[in-house]
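Enquirer: Once you've had a glance at the structure underneath, I'll fire off some questions.
The values are calculated or read from the model by the stated rules, or taken from the named source; none is laboratory data. As the structure is a computational prediction, the values presented were derived from the model and not from experiment. FYI the Cβ positions are ideal-geometry reconstructions off the backbone, even for glycines, and counts take in every protein chain you see. Side chains included, ligands, DNA and RNA excluded: accessible areas come from the protein's heavy atoms. Shrake-Rupley method; radii C 1.70, N 1.55, O 1.52, S 1.80 Å.
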Amino acid sequence: MRHKFPPSWPTRSFKEVAEVITGTTPLTSHPEYYGGSIPFIGPAELGGVESITQSPKSLSDDGVKQARLLPAEAVLVCCIGATIGKVGFSGTELATNQQINALVCDKDIVFPRYVFHYCRTLESLIRHQGASTTLPLLPKGRFQDIEIPIPTLEEQHRIAEVLDRAEELRSKRREAIAQLDTLIQAIFLEMFGDPVSNPKGWEVRNMDECAERIQIGPFGTQLHEEDYIDNGIPLINPTHIQDGKIFPNTSFSISYEKHQQLSQYHLEADDVILGRRGEMGRCAIVSQNEHGWLCGTGSLFIRQKNALIHPIYLFSILSNQSIKKYLEKVSQGVTMANLNKTIVSQIPVTLPPLELQKEFAHRVKAVEKLKAAHRASLSELDALFASLQHRAFRGEL
């Protein structure tokens, strides 16, 4: 995001308002450097709005001597790799790896939380400036020369407070959606129990006995670069499946003619499409809107026998954590988990009575209706936040 700052706001470079510190990683060949009380932060911990106070990795007192200890209220910005531009805020003393540049602010000039919010507007700029054919990288010299507008400290506090409050509303809405997801899982376990240990003793059949068809997407040799067009018929691969929903990429679609040639891979409403590479259990139910779209090379679909299994129940089985762990164990592939038709055909499926599955589906639909309302509200809050963020650094709040 490029800003048009108010004329009354002077601008200074990051290096003029903060100490810029690049992290470092203590030698992993010295285990005594790790496992202490100081959080050790990598890019994976960035991207949130809450202050960072803990991390999966930590440093010992000896490890801290090999790192660069940062104080609370440092602004952390990833400047190397796939997550370049992601931002975090330290809530305690911590250290970072070499992918992160930290801004330890001069509080007589800038309010750290104001700097944090400003840095969050720079992701696209940092990505653009750090573009590389191999590894995205924004050198420290260029990073510390980025300019930031400097209104009065009072105004900086006010801007940060407004944006923090707006973020708090968005966070609460996201939490509500997450709790509804947890509710669906709880309803499933209450009604049916764990699908792997099967404590309720339901009948168990292999997936191929429950399905009219299990179809893996077309081989790569059946689709060539010239087959892809903009605004054609969508092709659904694992990256297009998120949170149990299908999100097509209109730039990743095929022509009507190619679609007709690949008729055996057409999706139908109520099919369950499952990613067969990478993250296990990534799946979605095909809706009427997606009827006729194409199953991608990295996916497969299951067309269930309606007399045995309800699509919502099947989706819940495949996205269950126990089944995910099962799939991780049986999947093939050295570098990336990979499912084939044989593996999927042999997935054990617990089969409670169909009427009970339908009752579960009815309850899920009620929860999904609530989720849809929360998502709509979150979209409105996202739009409001984007507007506030844009106006904040134009002096229009």
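Enquirer: How many residues does the range 213-238 contain that are touching a strand residue (DSSP E or B) at 6+ places or on another chain (Cβ under 9 Å) and in contact (Cβ under 8 Å) with a residue 24 or more places away in the chain?
Expert: 17
Enquirer: In the set Ala72, Ala160, which member is of a type in the set (A, V, I, L, M), touching a residue at least 24 places away in the same chain (Cβ under 8 Å) and within 30 Å of Ser37 (Cβ to Cβ)?
Expert: The match here is Ala160.
Enquirer: State which residue is most open to solvent (accessible area, probe 1.4 Å) when the search covers only the range 312-334 and only residues that are outside any loop (DSSP other than H, G, I, E, B) and touching a Pro at 6+ places or on another chain (Cβ under 9 Å).
Expert: Tyr326
Enquirer: Right, another one. Here are Phe360, Phe301: which of them is within 20 Å of Glu209 (Cβ to Cβ) and either among the aromatic types (Phe, Trp, Tyr) or in contact with a Phe, Trp or Tyr (Cβ under 8 Å, 6 or more places away or on another chain) (or both)?
Expert: Residue meeting the stated conditions: Phe301.
Enquirer: Looking only at the range 114-143, which residues are in contact with a strand residue (DSSP E or B) (Cβ under 7 Å, 6 or more places away or on another chain) and farther than 14 Å from Ile80 by Cα?
Expert: Across the range 114-143, the qualifying residues are Val115, Phe116, Tyr118, Cys119, Arg120.
Enquirer: Can you pull out every residue in the range 81-102 that is open to solvent by 40 Å² or more (accessible area, probe 1.4 Å) and farther than 18 Å from His117 by Cβ?
Expert: Once the filter is applied, which keeps residues that are open to solvent by 40 Å² or more (accessible area, probe 1.4 Å) and farther than 18 Å from His117 by Cβ, the range 81-102 yields Ala82, Thr83, Thr92, Glu93, Gln98, Gln99.
Enquirer: So, one more: Within the range 1-33, can you find the residues that are among the hydroxyl-bearing types (Ser, Thr, Tyr), surrounded by 17 or more Cβ atoms within 10 Å (Cβ to Cβ) and not in a loop (DSSP other than H, G, I, E, B)?
Expert: Thr22, Tyr33
Enquirer: What number of residues within the range 229-256 are under 17 Å from Ser319 (Cβ atoms) and open to solvent by less than 60 Å² (accessible area, probe 1.4 Å)?
Expert: Filtering the range 229-256 for residues under 17 Å from Ser319 (Cβ atoms) gives 236, 238-247.
Going one step further and asking which of them are open to solvent by less than 60 Å² (accessible area, probe 1.4 Å), we end up with 236, 238, 240-241, 244, 246.
Qualifying residue count, the range 229-256: 6.
Enquirer: So, in the range 165-207, exactly how many residues are within 24 Å of Glu355 (Cβ to Cβ), acidic (Asp, Glu) and either in contact with a strand residue (DSSP E or B) (Cβ under 6 Å, 6 or more places away or on another chain) or buried (at least 16 other Cβ atoms within 10 Å of the Cβ) (or both)?
Expert: So the count comes out to 1.
Enquirer: Still on this structure, please answer the following. Please give the number of the condition Glu355 fails out of (1) more than 19 Å from Lys200 (Cβ to Cβ); (2) exposed (fewer than 13 other Cβ atoms within 10 Å of the Cβ); (3) not β-branched (Val, Ile, Thr).
Expert: Unmet condition: (1).
Enquirer: Being of a type in the set (Gly, Ala, Ser) and in contact with a His (Cβ under 9 Å, 6 or more places away or on another chain), is that true of even one residue in the range 297-309?
Expert: yes
Enquirer: Ok, one more. Could you grab the pairs with beta carbons closer than 6 Å, sequence gap of 6+ or different chains, first residue in the range 179-196 and farther than 17 Å from Ile323 by Cβ and touching a residue at least 60 places away in the same chain (Cβ under 8 Å), second one open to solvent by less than 20 Å² (accessible area, probe 1.4 Å) and not acidic (Asp, Glu)?
Expert: Leu180/Val367; Leu180/Lys371; Leu183/Val367
Enquirer: Ok, one more. Of all residues in the range 60-78, how many are closer than 18 Å to Val17 by Cβ, surrounded by fewer than 24 Cβ atoms within 10 Å (Cβ to Cβ) and either modelled with pLDDT under 95 or not small (Gly, Ala, Ser) (or both)? Steps first, please.
Expert: First pass over the range 60-78, keeping only residues closer than 18 Å to Val17 by Cβ: 70-77.
Remaining after also requiring surrounded by fewer than 24 Cβ atoms within 10 Å (Cβ to Cβ): 71-73.
Still in the running and either modelled with pLDDT under 95 or not small (Gly, Ala, Ser) (or both): 71, 73.
Residues in the range 60-78 being closer than 18 Å to Val17 by Cβ, surrounded by fewer than 24 Cβ atoms within 10 Å (Cβ to Cβ) and either modelled with pLDDT under 95 or not small (Gly, Ala, Ser) (or both): 2 in total.
Enquirer: Go through the range 266-297 residue by residue and tally those that are within 20 Å of the chain's Cα centre (by Cα) and surrounded by 21 or more Cβ atoms within 10 Å (Cβ to Cβ). Break it down into steps so the answer makes sense when it comes.
Expert: Step one: filter the range 266-297 for residues within 20 Å of the chain's Cα centre (by Cα), giving 273-285.
Within this subset, residues satisfying the condition of being surrounded by 21 or more Cβ atoms within 10 Å (Cβ to Cβ) are 273-276, 280, 282-284.
Residues flagged as within 20 Å of the chain's Cα centre (by Cα) and surrounded by 21 or more Cβ atoms within 10 Å (Cβ to Cβ) within the range 266-297 amount to 8.
Enquirer: Still on this model: Kindly evaluate Val204 against the criterion of being at pLDDT 95 or above, over 30 Å from Ser8 (Cβ atoms) and of a type outside the set (Asp, Glu).
Expert: Yes.
Enquirer: Something else now. Only strands (runs of 3 or more DSSP E) wholly contained in the range 49-111 count here; list those with 1 or more residues that are under 17 Å from Thr121 (Cα atoms), among the aliphatic types (A, V, I, L, M) and in contact with a strand residue (DSSP E or B) (Cβ under 7 Å, 6 or more places away or on another chain).
Expert: Fully inside the range 49-111 and qualifying: 75-78, 87-89, 100-105.
Enquirer: Could you tell me whether the range 35-48 includes any residue that is farther than 23 Å from Thr121 by Cβ and among the charged types (D, E, K, R)?
Expert: No, every residue in the range 35-48 fails to be farther than 23 Å from Thr121 by Cβ and among the charged types (D, E, K, R).
Enquirer: Only residues that are buried (at least 18 other Cβ atoms within 10 Å of the Cβ) and either outside any helix (DSSP H, G or I) or in contact with a Cys (Cβ under 6 Å, 6 or more places away or on another chain) (or both): list them for the range 120-143, please.
Expert: Leu122, Gly130, Pro136, Leu138, Phe143
Enquirer: Would you point out the residue of the range 105-119, among those that are in contact (Cβ under 8 Å) with a residue 60 or more places away in the chain and surrounded by fewer than 16 Cβ atoms within 10 Å (Cβ to Cβ), that is farthest from Leu70 (Cα to Cα)?
Expert: Applying the first criterion (in contact (Cβ under 8 Å) with a residue 60 or more places away in the chain) to the range 105-119 yields 105-106, 109-110, 115, 117-118.
From the residues that got through so far, the ones that are surrounded by fewer than 16 Cβ atoms within 10 Å (Cβ to Cβ) too are 106, 109.
Working: Asp106: 14, Ile109: 19 Å.
Checked the range 105-119; the qualifying residue farthest from Leu70 (Cα to Cα) is Ile109.
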